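Chemist: One structure is given below, represented as structure tokens, and several questions about it will come after.
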Amino acid sequence: MRQSIKNRKGLEIVLHIKKSESPKGTAIVMHGLGGYKEQPHIERFAKSFEKSGYTVVTFDTTNSIGESGGKMEDAKITTYYQDLEDVITWVEKQSWFAKPFVLSGHSLGGFSVAFYAENYPSKVFAIAPISPFVSGKMSVEAHNTHEPEEFKKWEETGWQIKESNSKPEVIKKLPWSHIADRLKYNLLEKIEKLTMPVLLIVGEDDTSTPPQHVQVLYDNIPSTKKEIHIIKNAPHTFKDSNHLEEIEKLFLAWIEKLK
């Protein structure tokens, strides 16, 4: 079911809702920076919850390349996170909303679901941040380590201009002010709130959110029900069918343990 709502700024957010007839819970799955809800990895995360009997909500954030309003140039961690809050506020009011409530997201979506769980720990039953952004500082380190020339050019020109891999006809432009906003955030500051079950997955060859950064997050999470899995030869965004298959198996096994 397609649904359109307005965020706190009056911009349209488009959601897709797959209802379970006898839901075991509700899961919200969130894409990353410049992503959209139909990306193969997002659909695979969502399908794992669907197969497990959950009602599943995916959505396009504003300021991305999906169906929702706004412009990519205005994309910030702040706007993505606020959209997640606004979607959750709407979902919780629906007659079909069923607890337990589980959140998953990729990259900036992974950060957002973990940050939400830190801010509202009593509301969230479990989280699955996949290839999550951990902090602005660590993100800048990753840029400087793995793409120093491109990062320097971004700072000097004020813009990062990239072709979308999943939608080659789309050019993604981000201003340098995006980095200033990014530097405000750090999951490690309130990490003690993450006492719920946590599933972390990251690609071995990820240069945006490197495995060693995700390991730091894992090491600091106090939950006794935490897992970390590194997908061999996988990049930041999962597209290979074998990687997606492996991730689905990890999700299904983890969701089974949540009962």
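Chemist: For segment 126-158, which residues satisfy the criterion of being among the hydrophobic types (A, V, I, L, M, F, W, C) and either in contact with a Gly (Cβ under 8 Å, 6 or more places away or on another chain) or over 16 Å from Arg182 (Cβ atoms) (or both)?
Modeler: Matches in segment 126-158: Ala126, Ile127, Ala128, Ile130, Phe133.
Chemist: Give the residues of segment 5-37 that are surrounded by fewer than 20 Cβ atoms within 10 Å (Cβ to Cβ) and in contact with a strand residue (DSSP E or B) (Cβ under 8 Å, 6 or more places away or on another chain), sorted by residue number.
Modeler: Ile5, Lys6, Glu12, Val14, His16, Ile17, Lys18, Lys19, Ser20, Pro23
Chemist: If you don't mind, there's one more thing I want to ask. With respect to Phe97, is the statement that it is of a type in the set (A, V, I, L, M, F, W, C), closer than 14 Å to Leu187 by Cα and either in a loop (DSSP other than H, G, I, E, B) or touching a residue at least 40 places away in the same chain (Cβ under 8 Å) (or both) true?
Modeler: Against the criterion (of a type in the set (A, V, I, L, M, F, W, C), closer than 14 Å to Leu187 by Cα and either in a loop (DSSP other than H, G, I, E, B) or touching a residue at least 40 places away in the same chain (Cβ under 8 Å) (or both)), Phe97 does not qualify.
Chemist: Scan segment 177-186 residue by residue and report those that are more than 15 Å from Gly32 (Cβ to Cβ) and either surrounded by 14 or more Cβ atoms within 10 Å (Cβ to Cβ) or in contact with a helix residue (DSSP H, G or I) (Cβ under 6 Å, 6 or more places away or on another chain) (or both).
Modeler: Ile179, Asp181, Leu183, Asn186
Table: residues versus (1) surrounded by 12 or more Cβ atoms within 10 Å (Cβ to Cβ); (2) under 17 Å from the mean Cα position of the chain (by Cα).
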residue	(1), (2)
Trp154	yes, no
Gly158	no, no
Lys172	yes, no
Pro197	yes, yes
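Chemist: Being within 17 Å of the chain's Cα centre (by Cα) and either at pLDDT below 95 or not aliphatic (A, V, I, L, M) (or both) is the filter; apply it to segment 46-61 and report the residue that is surrounded by the fewest Cβ atoms within 10 Å (Cβ to Cβ).
Modeler: Lys47
Chemist: Picking from Lys47, Lys71, Lys76, which residue would you name as being out of contact with any Cys (no Cβ under 8 Å at 6 or more places or on another chain) and within 22 Å of Ser241 (Cα to Cα)?
Modeler: Among Lys47, Lys71, Lys76, only Lys47 is out of contact with any Cys (no Cβ under 8 Å at 6 or more places or on another chain) and within 22 Å of Ser241 (Cα to Cα).
Chemist: Quick test for you: out of Ser107, Ser135, Ser64, pick the one residue that is in contact with a strand residue (DSSP E or B) (Cβ under 6 Å, 6 or more places away or on another chain), buried (at least 17 other Cβ atoms within 10 Å of the Cβ) and hydroxyl-bearing (Ser, Thr, Tyr).
Modeler: Only one candidate qualifies: Ser135.
Chemist: Also, I was wondering about something else. Filter segment 7-51 down to residues that are touching a residue at least 60 places away in the same chain (Cβ under 8 Å) and out of contact with any helix residue (DSSP H, G or I) (no Cβ under 9 Å at 6 or more places or on another chain) and give me whichever is farthest from Glu256 (Cα to Cα).
Modeler: Gln39
Chemist: If a residue has to be over 24 Å from Val140 (Cα atoms) and either in contact with a Ser or Thr (Cβ under 7 Å, 6 or more places away or on another chain) or buried (at least 21 other Cβ atoms within 10 Å of the Cβ) (or both) to count, how many in segment 205-242 make the cut?
Modeler: 2
Chemist: If we keep just the residues of segment 67-82 that are in contact with an Asp or Glu (Cβ under 8 Å, 6 or more places away or on another chain), in a loop (DSSP other than H, G, I, E, B) and not polar (S, T, N, Q), which is surrounded by the most Cβ atoms within 10 Å (Cβ to Cβ)?
Modeler: So, considering only residues that are in contact with an Asp or Glu (Cβ under 8 Å, 6 or more places away or on another chain), in a loop (DSSP other than H, G, I, E, B) and not polar (S, T, N, Q), the one surrounded by the most Cβ atoms within 10 Å (Cβ to Cβ) is Lys76.
Chemist: Filter segment 54-66 down to residues that are part of a loop (DSSP other than H, G, I, E, B) and either more than 14 Å from Val29 (Cβ to Cβ) or of a type outside the set (Ser, Thr, Tyr) (or both), then give me how many there are.
Modeler: Summing the residues that are part of a loop (DSSP other than H, G, I, E, B) and either more than 14 Å from Val29 (Cβ to Cβ) or of a type outside the set (Ser, Thr, Tyr) (or both) in segment 54-66 gives 5.
The values are calculated or read from the model by the stated rules, or taken from the named source; none is laboratory data. Keep in mind that this is a model prediction, so the values were computed, not measured. Please note: Cβ atoms are built from the backbone with ideal geometry, for glycine as well, and neighbour counts cover all protein chains shown.
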